[in-house]
Amino acid sequence: MLAANIVALLTAAVLIADPPTVVYKKMRVFVLIPPDQILPGVKKLAVLDFAGQGADGRSFADVLTSRLFEKQRGIQDIRTTGLFGIRSRSQEGQTLQQGAFTDVFALIERNRLAQVLQEQRLAQSGLLDVAQAAQVGKILGVDAIVVGTVSFTLTDRPLREERSYTQNRRQYTRYVSCVERQGLMKAHTSVVSTESGQVLGSVDRPVPITGKHCQDDNESLPTPQAVAEASSHDLAEAIANYLAPHFELREFELEKIRSKQFEGLGERAAEFAEALRVDEAYAIYKSIHDQDPYSPEVLVDLAILNEVVGNWRQAKEFYDQAFQLKKSDDYKRGLDRMTRSLSFRDALAQLGVVIQEHTFAAAAEDVARATAKLVEIRGGGEDRIPIRAQPDEHSEVVASVPGGVTFQVVREEGDWFRVKLLGGKEGY
């Protein structure tokens, strides 16, 4: 009888519980972050050359303009930092928030700006006063002008370091020449309204530079110009993030479903979520929630899925329900995060960014397959277990299957399970 050969009836797959210290599955996805400074009524901008002190103010303004032009600033810019701040790109990512973008301003081309300044016989630099900046902005037809100063300092200090080595079983010491490098690139940036001449916002941003290079290092010492160029990209990005939204990579750790009844389904849902297949993951978690509405773990996983797609109101409701059931600091942080996100919604809307509500919709066939109950046949690959046409051990054998194979359960009939076989056949 097939029932006697069943190891267990599972809701998904046999699982081995993670040790408490092991981090569970995570979702790594980019989310939109509002700017530090909302500029009400500003839709069109022009960036003047920055006044440079040891730095190229024109080049810096070019970099800042290009940063503000980026539609998904941050997503294409996941990077690690190399020696002396030299940037090295590593990977690209994605966002699940539909309708999110970062190029919220119409920007005047730099060539057009230079032409107007030349015609007005004004210096194209951050040394323009507020009245002059407003005058230029009116001629260009922009709502605001970005002006500022940028400075760059770099100091190399020679030093010697001790190295120990062994030769002929004896310990020796030698000294190598090194360079300790310290520096700073910083910018002061202001946004001036062309209508009122008022400063709408201003910010100071520093980028510290530290490092050390010794003669026995494999890499050569970057030139000051290379360091300045790399630092200017980081600094321009920081200022762009002050003015406009940007994407940040966030990690969301899913809650492991501890219920024996649903742990298999929970594992399947977490795998979908980790792969950013949010529709399938949501369908499974929702099916668990329908049967167990008081599981805080399921509520939090549903909250996370809503959060990553930008359904902040629904996410807040799920976090709130979970926190009522379990006073977890993580749940409270999620609830607070959604409260802030909902307040950001209006700020983003002022910039023309309206994140579309996501409707979770997995194909019915995919959901049925993901949530199906499974049975695993006891035995090894060399064994053959009879599958019968009727729930009777004397019934006709429709197939003989190897041990260790898992089948989807169609229905239960007493001690028998009707299972779906390869090729579309069914049996007991």
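Values in this text are rule-based calculations from the coordinates and carry no lab data. Computed from a prediction, not measured in an experiment: that's the story for all the values here. Quick reminder, even Gly has a Cβ in these numbers, built from the backbone with ideal geometry, and neighbours come from all protein chains shown.
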Revision key, fill the gap. Hydrodynamic radius by Kirkwood for region 196-338, inverse mean 1/r across distinct Cα pairs, in Å, is 18.9
Practice item. Could you work out the longest stretch of the chain that avoids the trypsin sites (Lys or Arg not before Pro) located in DSSP loops with at most 11 other Cβ atoms within 10 Å? Key: 328-428
Check your understanding: Applying the Karplus parametrisation 6.51 cos²θ - 1.76 cosθ + 1.60 with θ = phi - 60° to the phi angles of region 130-140, what ³J(HN,Hα) value in whole Hz is obtained for each residue in order, glycine and proline being reported as x?
Key -> 4, 5, 5, 4, 5, 4, 4, x, 5, 5, 6
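Below 8 Å, C-alpha to C-alpha, sequence gap of six or more: please give me the relative contact order for the chain in percent.
On the way: 836 pairs, mean separation 87.9, N = 428.
So the answer I get is 21 percent.
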Review point. What's the percent breakdown of Cα-Cα distances in region 161-270 across 10 Å bins, shortest bin first?
Key: 10, 20, 17, 16, 17, 16, 4, 1
Revision key, fill the gap. Note to self: Kirkwood Rh of the chain, Cα pairs, one decimal, Å, is 26.7
**Study point:** Estimated dipole of the chain in Debye, rounded to 20 [Cβ of Lys and Arg +1, of Asp and Glu -1, Cα centre]
**Key:** 1020
Study note, to complete from the structure: Phi-derived 3J(HN,Hα) across region 108-121 with the Karplus relation (6.51, -1.76, 1.60, θ = phi - 60°), rounded Hz, x for Gly and Pro, is 6, 4, 5, 5, 5, 4, 4, 5, 5, 5, 5, 5, 8, 6
**Study point:** Positive-end extreme of charge dipole, the chain - chosen from V179, L335, Q356 (charges on Cβ)
**Key:** V179
Exercise for review: Starting from the Cα gyration tensor of region 35-249, take the square roots of the eigenvalues, sort them a ≥ b ≥ c, and report rounded, prolate or oblate (rounded when a/c is under 1.5, otherwise prolate if a/b is larger than b/c, else oblate).
Suggested key: prolate
Check your understanding: Three principal axis extents, largest first, for the C-alpha atoms of region 373-427, in Å?
Key -> 26, 25, 23
Practice item. May I ask you to sort D204, D143 by Cβ crowding, counting other Cβ atoms within 10 Å and putting the fewest first? Key: D204, D143
Point to revise | Per-residue Cβ neighbour rank within 10 angstrom, fewest leading, Y285, Y319, Y242, Y294 | key: Y294, Y242, Y319, Y285
**Study point:** Of all DSSP beta bridges in the chain, antiparallel share, percent nearest 5
**Key:** 90
Review point. Where does the chain land at 222 nm, in deg cm²/dmol rounded to the nearest 500, when only DSSP H runs of n ≥ 4 count, each adding -39500 (n - 2.57), divided by all residues?
Key: -10500 deg cm²/dmol
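Going through the cross-link list K44/K71; K260/K286; K43/K186; K44/K138, which pairs have a Cα-Cα distance over 19 Å in this structure?
Flagged as over cut-off: K43/K186.
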Practice item. Determine the equivalent ellipsoid of region 111-174 by diagonalising the alpha-carbon gyration tensor, then write out the semi-axes as square roots of 5 times the eigenvalues, largest first, rounded to whole Å. Key: 60, 11, 10
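Nearest 0.05, what FRET efficiency do T339 and T359 give at R0 = 35 Å with Cβ-Cβ as r?
0.90
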Check your understanding: If the chain between A106 and K138 were fully stretched, how many nm would it gain, using 0.36 nm times the residue separation less the Cα-Cα distance?
Key -> 10.0 nm
Practice item. With only Lys, Arg, Asp and Glu charged, each at its Cβ (+1 for the first two, -1 for the last two), find how big the charge dipole of region 35-249 is about the Cα centre; round to the nearest 20 debye. Key: 480
**Study point:** Derived scalar couplings ³J(HN,Hα) [region 150-159; Karplus, 6.51 cos²θ - 1.76 cosθ + 1.60; whole Hz; x for Gly, Pro]
**Key:** 9, 10, 9, 10, 8, 10, 10, 10, x, 7
